[in-house]
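Since the structure comes first, as structure tokens, the remarks are kept for the end.
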2 protein chains.
Amino acid sequence: MNQDYIQSHPWSIIEEGFDKERIKSSESLFSMGNGVMGQRANFEESYSGPTFQGSYIGGVYYPDKTRVGWWKNGYPEYFAKVINAPNWIGIDVSIDGEPLDLATCTNIKNFKRELNMKEGWYRRNFVATTPNNVEIEVVATRFLSLSHDEVGAIQFEITPMNTDAEIVFKPYIDAGITNEDSNWDDKFWNTTNIESNKNRAFIESHTMKTHFNVCTFMQAHLVYGDTIKETPDSLNKEELAIGFEFSQKIKKGEKVSLIKYGGYAVDRNHDANKLMEAANSVLDEVSSLGFDKLLEEQKKAWAAIWEMSDITIKGDVKAQQGIRFNIFQLNQTYTGTDSRLNIGPKGFTGEKYGGSTYWDTEAYCLPFYMATKNQEVARKLLKYRYNHLDKAIENAEKLGFTKGAALYPMVTMNGEECHNEWEITFEEIHRNGAIAYAIYNYTRYTQDYSYVPEMGLEVLIGIARFWQQRVNWSTHRNKYVMLGVTGPNEYENNVHNNWYTNYIAKWCLEYTLEQLNYVQQEYPNDYKRVLEKTQLSNDETGLWIKVAAHMYLPYSEEHGVYLQQDGFLDKDLVRVAKLNKKERPINQHWSWDRILRSPYIKQADTLQGFYFFEDHFTEQELEKHFDFYEPFTVHESSLSPCVHAIQAAKLGRMEQAYTFYLRTSRLDLDDYNKEVEEGLHITSMAGTWMSIVEGFGGMRVRDGKLCFSPKIPEQWDRYSFKINFRDRILKVTVAQSGTIITMNEGESLEILVNGEPIILDQQ
Amino acid sequence: MNQDYIQSHPWSIIEEGFDKERIKSSESLFSMGNGVMGQRANFEESYSGPTFQGSYIGGVYYPDKTRVGWWKNGYPEYFAKVINAPNWIGIDVSIDGEPLDLATCTNIKNFKRELNMKEGWYRRNFVATTPNNVEIEVVATRFLSLSHDEVGAIQFEITPMNTDAEIVFKPYIDAGITNEDSNWDDKFWNTTNIESNKNRAFIESHTMKTHFNVCTFMQAHLVYGDTIKETPDSLNKEELAIGFEFSQKIKKGEKVSLIKYGGYAVDRNHDANKLMEAANSVLDEVSSLGFDKLLEEQKKAWAAIWEMSDITIKGDVKAQQGIRFNIFQLNQTYTGTDSRLNIGPKGFTGEKYGGSTYWDTEAYCLPFYMATKNQEVARKLLKYRYNHLDKAIENAEKLGFTKGAALYPMVTMNGEECHNEWEITFEEIHRNGAIAYAIYNYTRYTQDYSYVPEMGLEVLIGIARFWQQRVNWSTHRNKYVMLGVTGPNEYENNVHNNWYTNYIAKWCLEYTLEQLNYVQQEYPNDYKRVLEKTQLSNDETGLWIKVAAHMYLPYSEEHGVYLQQDGFLDKDLVRVAKLNKKERPINQHWSWDRILRSPYIKQADTLQGFYFFEDHFTEQELEKHFDFYEPFTVHESSLSPCVHAIQAAKLGRMEQAYTFYLRTSRLDLDDYNKEVEEGLHITSMAGTWMSIVEGFGGMRVRDGKLCFSPKIPEQWDRYSFKINFRDRILKVTVAQSGTIITMNEGESLEILVNGEPIILDQQ
């Protein structure tokens, strides 16, 4: 049974009723972010029950000393972690001297959380009786501003219901925080200055080793009827924290509010010596606006995002809620304004995975950002990898590769590899292919070729060099083989000739050769510069041609399918449907050796290749491979159902496509993988978007032309989405009765719908 | 270039000259042990240069919290470590108030270490000038008593050479020690009592978690001419250490000595509440004997060991020194008196590897102990595994096996697995085969079948059950296959159908079925008891028959050899000889993925099978496999050269066999693997013994008969060894001119020499 406590609603995520068992899960689901910072939905007031505290600042990381049983040559020295940042949301509360703590209250009623995705705010309310028998009503509203992205705001309202009471608010900021996943109990932060000024407080800290400087700040005031109290009654300054006290006697049934603004000024954006100045400046701005106007701005900013990226689904509220939750989270995580940031797999919702950048960005997230933002955002994501090319070359050198071969990292913050499991770090090298594929995908979609001569060609050369050195000639097979790899399906390690990896390697070589030719003809100056810089020789490109032409691709004549890897047919091929449900997910129940020798597939592997290179195969071939592999797929990676949804839709299996869609879109809401407490699966959310746009909408770019072959699940009345295609804004609406495609902006465009050409003009 | 500072000598290990760079290496090479405790050759006096301090007590371990990057289901919770025990050898010295420290002395002359293997003592002498310009001569002699195995003795002599001087000896015991390899800086010891009585001192400690109770003790007195000072001048008691001061004014050219006895009383042998009583009792015994008589006993005890286990080699002093060093270390590590102890791969010489018991014991050490001790010692080693059967069944259960399947641990102290690398812990399962093979080997050699019905049959059933569950039917191959294993060659991980593993699994099933039949016929009561206990059914044994009959064994028609594993021929088959010497050993220079996809073999794998199951293959087959695999073998496991020496000798390739012999026998003395600082490779030393006895001597047991086919390297004049075969003591002497085999004890025996029957009678 999956989790099902989240209420269905087209625009909001809603929880009703207080259940201690759900606290950590809801802290993930109701997380907030504005692209540059984010936080789990921890309570403002203290809570003594189990909770997972987390505030995060984009791009601020710590190279945690790595933890590994047995060191292997080539392992990186550290594991980069997006670290828990000083807490600015805290507001301790006491009622007639008794601390407010939901874990000790009784008679908790009307507990409700709402994450309003349309407007970008989160509210929690409840009625509860404190241990000293005061019944109170609380309404706490919070948001992270998009318009002032260094700041968030909280309105914390309390009404004593059964008696007059003295309410004390103690808003504070606290740098005494740790990561749950710290490997060696290292201190991540060093706090250098704590000070206050009237109702503002500041903590200046820097991260150890990486020396990011951050000023955490807050400002608070109390509102009671017409009274506005801006001067705190007292100040509490501790070694790593600072807070105020605002005390107020309240009449029964009357409401008192604390307004708090807080956030971070970071030296990525300001002079490290002037962070407090920057903090004061943003506090000046937002406090002169006030909570309500800031919230108005928030609603407008989110309206603008939804205007372009919303997908509407009529007739299926769970599906509607799912897709909006996904789009909302993607926009909370990465807004595309800063090419130094990227899309962490858990966004700002948890600590797991560390680092910020995986191949997820290129393989899953790029299409979403290409289509729902302008092309500059996608280009920034590509540039991010170009900026890391030197580090990728160093990564490859650490593994013994030479002459500028580049291996992009599995996990990184600054381009250096920072993950160490040999079977992943050293062997899950298909990631290199996704980096090249993203370049292809970007130019295909945007028709902006400029990235290739300026930057991409160097990236491609580094990647091609890696593949050529990574294969070896097998005399036995008379082919180039690739030994010892882990494919996208991480339930197989150190396999030989993973079809997907071999195929994408071959493609990378061919694509690079093609781009070399094209740049030579069209951009001779860039060509000359790149050749000089990379010292590329004809011997090398000659080898690339040879390797690409003679790459071994495992194939079973018996089954008429490419084999996921050598030896796949030796497995005990029992389908997933026959597994004992109690043993699922297998990664929580089976030992690793048992998983490895089983045929079970964590996520699309061969089928990932069929997704990327769809045009290389017939629909019959796709069907054969889908029917062969999907029955062994356990979809225990969040990245799995979306690719299968797209392919099922292509094969016209709409019922199956719909099931996959629900699984990908509600993965976290319904906690399919039983781990939502640890945070959300952000990058796979882009896959949900693909499920609709590429899956149901059948959107493709073929021969430079935009194509659709729309389908619709029978559970839906209609759905619609918008895309930005080469500066044209198209709206696609698919109903059971047919499809309407309109263009709101841009020049006339010929597209194909179900293979038929259609000319779109501005409406 | 290998290390070559150890002087050649037939009976002693000698280092001459002081070199700070060699300290750690010599601390390993001059280690001492008496089967129940041991220590590295650390200086008695303090030394401020780099050193690796180590004292160890057999069977006293700590379950260190494990360190692993990414947890896998089935991993053990802890990693058992033979822990650094309180130091009892310490004697700080000061000369006219200046502490003696070789790192600060000048003009160090005549520095010499000698480990006298014949008599079992270690001596260090030097002349040096202290910072306050006193030239002193020091002679420090130390041994760990075999006759009183809880105690060691030190005689520390100093002579001031250029002036009168006041010498202060500060003998102490110190429980403030740590392990270099502690994972989490945990405290391993808790000290509960420190006290002294005249010139005796005691520290009572227990290990955290495992609660081993140990009393570390010492007694000291000073000797100067006729003066014997038994009462210390003062006492220093610290939180975790206690020591005395003996001060004496010495005339130039006269000698003063400190005699110190020290050691451990352990609750494995005494009531935990009476450890100090036990310590006093052993101190009474040894102090009444005195240093000289205790040393006389030591010489006698070692003479008795050498009487049976010595191997003499005439004409090659390096070879002679090598084999004696190996035999000496084996006897220092395990004497066979206690079935609760086993043979750790580093003995008492270092921390690395942890645990005490590996498959090394069964695969490499058993033959040595069978032939040089009485058969009870070997039987104790087998019993040790029987005692751990329940834990082996638990180990298998943790990995999802059922119905009493047993998986013996890769590393253990008490039967529980305590190693966690998935590719080893979960996959290097061939170790189970070695446990079964040892039973076969023991009964074959001793003709003592009683172990099988009493204990061994249950072990075999557990192992057979494991193999049957571990394979799966491959429809594709129409055979049983074994996926995801690591063979003895740990430079391949997670391979399919490792020939050695599949072969020994098949053999285990057949052997178990055979023993079941035999026990049924010959020991019907035992049979009934075991069947009831194990609930073995005909269905199960039916499956065993099927699996054994249809086990897949990878074979190359092209090369006419069994393949180490599926896909071996896909590798880039460049021979070791062509590797850049600067990149050797590859495990110190190559990243793990590069090692894995290379063809290089760490230690005998396919050839290990040809060693165990020699009689199943023709000599032509052996030759073919040797010629195929040896050129890819880097011998980076200490367990590799011995097996190759035996096979090269069998093939008549004496020059190669001799090279392997030197490599195995002088692995540590010459530091082939550049890691001797970490400790010695104890278990492989039994392989050196096998190289001579089974390799050059050609000793086998075939069809119940002892056989020899003696050969001799041309570098040697002659060699001889003794073996205990079924209570007969045979001496085998092989000269260039021929072989003489005599029997010193026991009944008449027919043996085969070069295939010819010979009757031996007592001389």
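The values are calculated or read from the model by the stated rules, or taken from the named source; none is laboratory data. This is a predicted model, so every value here is computed, not measured. Don't worry about glycine lacking a Cβ; one is built from the backbone with ideal geometry, like all the others, and counts go over all protein chains shown. With ligands, DNA and RNA removed, areas are computed over all heavy atoms of the protein, side chains included. Shrake-Rupley method; radii C 1.70, N 1.55, O 1.52, S 1.80 Å.
Quick notes on this structure:
- Centroid-to-centroid separation of the stretch A:237-284 and the stretch A:91-119 [C-alpha atoms, Å]: 21 Å
- Given their separation in residues at 0.36 nm each and the Cα-Cα distance between them, B:Thr129 and B:Glu747 gain 216.2 nm when the chain is fully extended.
- With protein chains left intact and a 1.4 Å probe, residues in chain A average 34 Å² of accessible area per residue.
- If the convex hull is drawn through the Cα atoms of the stretch A:668-763, its volume per residue in Å³: 126 Å³
- Peptide B:495-506 shows a mean partner chain C-beta count of 1 within 10 Å per residue C-beta.
- Going from the chain on its own to the full set of protein chains, the stretch B:395-432 has these residues losing 30 Å² or more of accessible surface (heavy atoms, 1.4 Å probe, no ligands, DNA or RNA): B:Leu399, B:Glu421, B:Trp422, B:Phe426.
- Across the identical copies, the 7 Å label point of B:Asp761, projected outward along Cα→Cβ, sits 12.3 nm from its counterparts, in ascending order.
- Those lysines that a straight Cα-Cα span of less than 20 Å connects to B:Lys731, excepting residues fewer than 8 apart in one chain: B:Lys118, B:Lys314, B:Lys373, B:Lys705, B:Lys711, B:Lys722
- Computed with a 1.4 Å probe over protein heavy atoms only, the accessible area of A:Ile95 comes to about 0 Å².
- Qualifying aspartates and glutamates (Cα of each under 16 Å from Cα of A:Lys403; at least 8 residues distant if same chain): A:Asp390, A:Glu394, A:Glu458, A:Glu532, A:Asp539, A:Glu540
- When each of B:Lys187/B:Lys582; A:Lys674/B:Lys546; A:Lys391/B:Lys582; A:Lys571/B:Lys602 is checked by Cα-Cα distance, pairs over 32 Å: B:Lys187/B:Lys582; A:Lys674/B:Lys546
- Sites B:Asp615 and A:Lys546 - FRET efficiency at Förster radius 60 Å, r taken between beta-carbons, to 0.05: 0.80
- Positive-end ranking of A:Asn724, A:Pro757, A:Tyr75 along the dipole of chain A, with charges on Cβ about the Cα centre, is headed by A:Pro757.
- The stretch A:553-591: GluC sites (Glu not before Pro) falling in loop per DSSP and having at most 11 other Cβ within 10 Å: A:Glu557, A:Glu558
- One residue of chain A places its C-beta nearer than any other to the axis carrying A onto B; that residue and its whole-Å distance are A:Asn494, 2.
- A Förster radius of 45 Å combined with the Cβ-Cβ distance from A:Asn2 to A:Asp448 puts the calculated FRET efficiency at roughly 0.60.
- Note on exposure: B:His211, B:His625 ranked by accessible area (1.4 Å probe, complete protein assembly) read B:His211, B:His625, with the most exposed listed first.
- Long-range amide H partners of A:Val753 with built H, under 5 Å: A:Phe708, A:Ile758
- Label 7 Å beyond Cα on the Cβ vector: B:Gln535 copy-to-copy distances, nm: 6.9
- Candidate residues A:His635, B:His206: accessible-area rank, largest first, probe 1.4 Å: B:His206, A:His635
- Annotation: Cα Rg of the protein assembly as shown relative to the compact-globule expectation 2.2 N^0.38 Å equals 1.05.
- Placing a label point 7 Å from Cα along the Cα-to-Cβ axis, B:Glu254 is separated from the same position in the other copies by 9.9 nm, shortest listed first.
- Counting only whole DSSP H helices of chain B, the ones at least 20 Å long by C-alpha along their axis and with mean Kyte-Doolittle hydropathy no lower than 0.0 are B:275-289.
- Per-residue mean of foreign Cβ neighbours for B:591-603 is 6 (Cβ atoms of other chains, 10 Å radius).
- Between B and A, roughly 4200 Å² of accessible area is buried in total, ligands, DNA and RNA not counted and the probe set to 1.4 Å.
- Top positive-direction residue, dipole computed over the protein assembly as shown with Cβ charges, set A:Asn497, B:Gly456, A:Cys365: A:Asn497
- Average beta carbon contacts from partner chains per residue of B:556-567, 10 Å cutoff: 2
- Rounded to whole Å, the principal axis extents of the Cα atoms in the stretch A:12-306 read 67, 43, 41, largest first.
- Gyration tensor verdict on chain A (Cα atoms; rounded if a/c is under 1.5, prolate if a/b is larger than b/c, oblate otherwise): prolate
- If the Kirkwood radius is taken over C-alpha pairs of the stretch B:325-445, then at 25 °C and 0.890 mPa s the Stokes-Einstein diffusion coefficient equals 167 µm²/s.
- Theoretical gain in end-to-end length, B:Arg477 to B:Ser737 [0.36 nm per residue, Cα-Cα removed]: 88.2 nm
- Separation of alpha-carbon centers, the stretch B:1-33 and the stretch B:553-568, rounded to whole Å: 44 Å
- Ordering A:Thr66, B:Thr618 by accessible surface, largest first, gives B:Thr618, A:Thr66; the 1.4 Å probe counts only protein heavy atoms, with every chain in place.
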